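A short reminder: the numbers here are calculations on the coordinates, not readings from a lab. In this text the structure is predicted, and so the values were computed from the model without any measurement. Cβ sites come from the backbone with ideal geometry, for glycine too, and all protein chains shown count toward neighbours.
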Amino acid sequence: MRRLMLLGLVMAAACSRDRASSASGAGFTGNSERHYKLGRVATADEIATRNIDVGPDGEGLPAGSGSVAQGADLFQKKCSMCHGPKGQGMPPAFPQLIGRDPKAEGFKFASDFKLAKTIGNYWPHATTIYDYVRRAMPLLQPGSLSNDEVYSLTAFLLASNEVIPMSATLDSASLMQVKMPYANRFVPDNRRGGNEVR
Amino acid sequence: MTDPMDRSTPQPLHETADATLSRRDLLAGAAGAIGVAFAAGLPLVAGGQGAKAAATAAPAAPIVPIDPTKVPGSPTTPVGARSIFVKPSRTPFGETTGNSLSPLQDLTGTITPSDLHFERHHAGVPLIDPSKHTLLIHGLVATPLLLTVDDVRRFPHVTRTFFIECSGNGRAAYREPKPDMTPQKVGGLFSNTEWTGVPLKTLLEEAGAKPSASWFLAEGGDACVLTRSIPIEKALDDALVVWAQNGEPLRPEQGFPLRLLLPGWEGNTSVKWLRRLELGTRAWMTRWETSKYTDPLPDGTARQFSFDMDAKSIITAPAFPQKLTAGTWPISGLAWSGRGKITKVEVSANNGGSWQDAELTSTTGVKAPVRFTHQWEWTGKDSVLLSRATDETGYVQPTRKELLKARGIGTDFHFNPIVGWKVAADGTVSFHGET
């Protein structure tokens, strides 16, 4: 009962706005006593098969490696039919992946919506490429690539966007070191409601 | 885009769904329909061969009687359907990745019928057997849990009405406003329904969420295994894991069998086909919070994790492609805020020269829209109708000029400018986006 009342209070309470300083999940206690005893304990295997996410710090990157050259070959075979042989895309349905158009350099996107955002001129984290390609691409056969293949495609996409050298080979240690050109441009939400337009 | 209901001229109720049928066809058809209705109503026939025959003999296009009081109506049905005269429609676009806008101009009140709720998905709508679907909760928890859909339904649940708006809603109307845009085109990535589910906090407590958890990852079971990172505060606030919408299980396009529902936040964070929640200490920087759903700004930065949907309103009638005649017209529309309640909606009939408070004709929900109306006497002069919403934080919906200054023309998400409709002296109505 007390629990239900608390829930009600939480539902009614205004959301804490200060996300930047969100130090902890205040309110959760880590109590191992299961109140409703619904569901069952998940096994390590069940967690491992679903837990494929890769963090910006490299956490979750699997073993394996792949070179730019291997990635270039794979890209032509498995990706170019939608993203174009040069990764130039076929807008609007198939996004451009590769390109460092000088007009877009310097993060000029707010001034011109026709400037294409690519991995090289926009993406803040190299690990996102690995995570996304592994979970979602190729569009019609998602989840079909081996970990090595994803490393090589990630290497190819980074190299052709002038982020790493064409001679590179990537593994977990080297991928987590890659710094993206415009990583420092991403800022937290500063809108707070109230009488201001941001 | 074709408008599903041409409302440019007041339409008398047709006598038939097929306007080419002659009156003689109609009479003949009506007689046939009576025969079928009676046959189907006979218990003897209903269970046997006759029922089948009657069913197959039923005319494809329903026949509209000249006088409905002179013929029995059709029998009861297992699942209802709209009147044949009412044909609202979404606008499906794209095959595997795609969107489909809600027909705002055809809806009244505040609730969106489930089958007209807008759609947006990144890898198609998955076909999920609910008996095989599970929700995994792991990471910074005392007990990693695997819950079946039936398990989730056994937790104490709540029913709440919340809107969902895609943060890409209104992009075309903001960047390149055109006179022939409909309310659906301008704002159709917005819908509002009643959701039933369990507070996320309950589920996380059951798993023994640790105090050190500051973010969680929500993952969908679709073909792109969509993921978003969410600050843990939202779980302590009003986040739900829902399984029903408007009184029935979720529709597949809306996340059947389980969906995360984050009230007031950009729609993409309400992850559909929810299959996993992982608790951690930082954002995962998924593709949907880096490459997409980030907002370039004029100072050369991009706003990230811009969750709240700013207050917004739109007049849904009069609107393109209606044609007005002089006289009285209700100006009617919707207003909402991702930060709570709408406190005021103003309308202007002279392009912002003067504003009047509109009447709020529905209850004002929290993170749910309110319907507003203002009765307007149109004297036949050129007019521009605008609406402007204020929410409980004191935020006032800005003009497009103000937004352009703050965010630039190329900003990619979050478009909530004041918009409206130009009524020309000849009664034609066109979209007015350059406020």
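Over chain B, what is the mean sequence separation of C-alpha contacts under 8 Å (at least six apart), divided by residue count, expressed as relative contact order in percent? Intermediate results must be reported in sequence, preceding the final value.
Working: 991 pairs, mean separation 63.3, N = 435.
For chain B, the relative contact order is 15 percent.
Among B:LYS234/B:LYS272; A:LYS86/A:LYS114; B:LYS234/B:LYS401, which pairs are too far apart, with a Cα-Cα distance over 27 Å? Write down the numbers at each step before the final one.
Working: B:LYS234/B:LYS272 17 Å; A:LYS86/A:LYS114 19 Å; B:LYS234/B:LYS401 32 Å.
Pairs exceeding 27 Å: B:LYS234/B:LYS401.
Inside 10 Å of the C-beta atoms of B:223-232, what's the mean count of C-beta atoms belonging to other chains?
Shielding by partners across B:223-232 averages 5.
Between B:LYS292 and B:ALA326, what is the FRET efficiency for a Förster distance of 45 Å, r being their Cβ-Cβ separation, to the nearest 0.05?
On the way: r = 47 Å, r/R0 = 1.04.
It comes to 0.45.
Give me the number: length gained by fully extending B:ASP67 to B:GLU377, i.e. 0.36 nm times residue separation minus the C-alpha to C-alpha distance, one decimal in nm.
Numbers: separation 310, 0.36 × 310 = 111.60 nm, distance 3.55 nm.
Full extension of this stretch gives 108.0 nm more.
With runs of 4+ DSSP H residues as the only contributors, calculate the mean residue ellipticity of chain A at 222 nm using -39,500 (n - 2.57) per run, divided by the residue total and rounded to the nearest 500. Spell out each step's value before the answer.
On the way: 7 runs with 62 residues, N = 198.
Counting only the DSSP helices, I get -9000 deg cm²/dmol.
Taking the Cα-to-Cβ direction at A:ARG40 and at B:ILE84 and moving 7 Å from each Cα, how far apart do the two end points lie in nm?
Label-label distance for A:ARG40 and B:ILE84, simple model: 5.4 nm.
Roughly how crowded by other chains is peptide B:233-243, in terms of the mean Cβ count from those chains within 10 Å of each of its Cβ atoms?
That works out to 4 on average.
Treating the Cα atoms of the protein assembly as shown as identical point scatterers in vacuum, please give the log10 of the normalised Debye intensity I(q)/I(0) at q = 0.05, 0.06, 0.08 Å⁻¹, two decimals.
-0.26, -0.38, -0.66
Viscosity 1.567 mPa s, temperature 4 °C: Stokes-Einstein D of chain B from its Kirkwood Cα radius, in µm² per second?
Details: Rh = 24.0 Å.
Estimated via Stokes-Einstein, D reaches 54 µm²/s.
Hey, what's the Cα Rg ratio for the stretch A:37-82 versus the globular rule of thumb, 2.2 N^0.38 Å? Let's see the in-between values first.
On the way: Rg = 17.1 Å, N = 46, 2.2 N^0.38 = 9.4 Å.
Relative to the 2.2 N^0.38 Å estimate, the stretch A:37-82 comes out at 1.81.
How far apart, in nm, are two points set 7 Å out from the Cα along the Cα-to-Cβ line at A:ARG192 and at A:ALA93?
4.6
How big is the charge dipole of the protein assembly as shown about its Cα centre, in debye rounded to the nearest 20, if each Lys and Arg gets +1 on its Cβ and each Asp and Glu gets -1 on its Cβ?
Numbers: 67 positive and 62 negative charges, 45 e Å.
The calculated dipole for the protein assembly as shown is roughly 220 debye.
Return the average number of partner chain Cβ atoms within 10 angstrom of each residue Cβ along peptide B:287-294.
Working: counts 9, 2, 3, 13, 12, 2, 0, 8.
Whole-number average of other-chain Cβ neighbours for B:287-294 is 6.
What is the stretch B:54-129 by shape, rounded, prolate or oblate, if you read a ≥ b ≥ c off the alpha carbon gyration tensor as root eigenvalues and call it rounded for a/c under 1.5, prolate for a/b larger than b/c, and oblate otherwise? Walk me through the intermediate numbers first.
Working: a/c = 2.77, a/b = 1.88, b/c = 1.47.
Prolate shape, in that a/c is at least 1.5 and a/b is the bigger ratio.
Just report the Cα centroid separation between the stretch A:72-101 and the stretch A:26-41, whole Å.
Taking the Cα centre of the stretch A:26-41 as reference, the centre of the stretch A:72-101 is 46 Å away.
Could you tell me whether the stretch B:312-432 comes out rounded, prolate or oblate from its Cα gyration tensor? Rule is a ≥ b ≥ c as square roots of the eigenvalues, rounded for a/c under 1.5, then prolate if a/b exceeds b/c, otherwise oblate. Spell out each step's value before the answer.
Working: a/c = 2.16, a/b = 1.35, b/c = 1.60.
Taking the square roots of the gyration eigenvalues as a ≥ b ≥ c, the stretch B:312-432 is oblate.
Which of the pairs B:LYS323/B:LYS381; B:LYS323/B:LYS344; B:LYS344/B:LYS367; A:LYS77/A:LYS108 have their Cα atoms more than 24 Å apart in this structure?
Values: B:LYS323/B:LYS381 14 Å; B:LYS323/B:LYS344 28 Å; B:LYS344/B:LYS367 14 Å; A:LYS77/A:LYS108 33 Å.
As for pairs spanning more than 24 Å Cα to Cα, those are B:LYS323/B:LYS344; A:LYS77/A:LYS108.
Can you show me the helix-derived [θ] at 222 nm for chain B, built from DSSP H runs with n ≥ 4 at -39,500 (n - 2.57) apiece and divided by the number of residues, rounded to the nearest 500.
Numbers: 9 runs with 68 residues, N = 435.
When only DSSP H runs of four or more count, the value is -4000 deg cm²/dmol.
If you bin every alpha carbon distance in chain A into 5 Å steps from zero, what whole percent lands in each bin?
Over chain A, the share of Cα pairs per 5 Å bin runs 1, 6, 11, 14, 14, 12, 11, 10, 8, 7, 4, 1, 0 percent.
Applying the Karplus parametrisation 6.51 cos²θ - 1.76 cosθ + 1.60 with θ = phi - 60° to the phi angles of the stretch A:177-182, what ³J(HN,Hα) value in whole Hz is obtained for each residue in order, glycine and proline being reported as x?
These are the phi-based 3J(HN,Hα) values: 7, 5, 9, 7, x, 10 Hz.
Using the Karplus curve 6.51 cos²θ - 1.76 cosθ + 1.60 with θ = phi - 60°, work out ³J(HN,Hα) for each residue of the stretch B:396-413 in order, rounded to whole Hz, and write x for Gly and Pro.
10, 3, x, 6, 5, 4, 4, 5, 4, 5, 6, 10, x, 6, x, 4, 9, 9
Based only on Cα atoms, what Rg/Rh ratio does the stretch B:104-212 have, Rh being taken as Kirkwood's radius? List each step's numbers first, then the result.
Numbers: Rg = 18.8 Å, Rh = 17.2 Å.
With Rg and the Kirkwood Rh in hand, the quotient comes to 1.09.
Rounded to the nearest 5, what % of the DSSP beta bridges within the protein assembly as shown are antiparallel ones? Present the calculation step by step, with values, prior to reporting the outcome.
Numbers: 81 of 90 bridges.
Roughly 90 percent of the DSSP beta bridges within the protein assembly as shown come out antiparallel.
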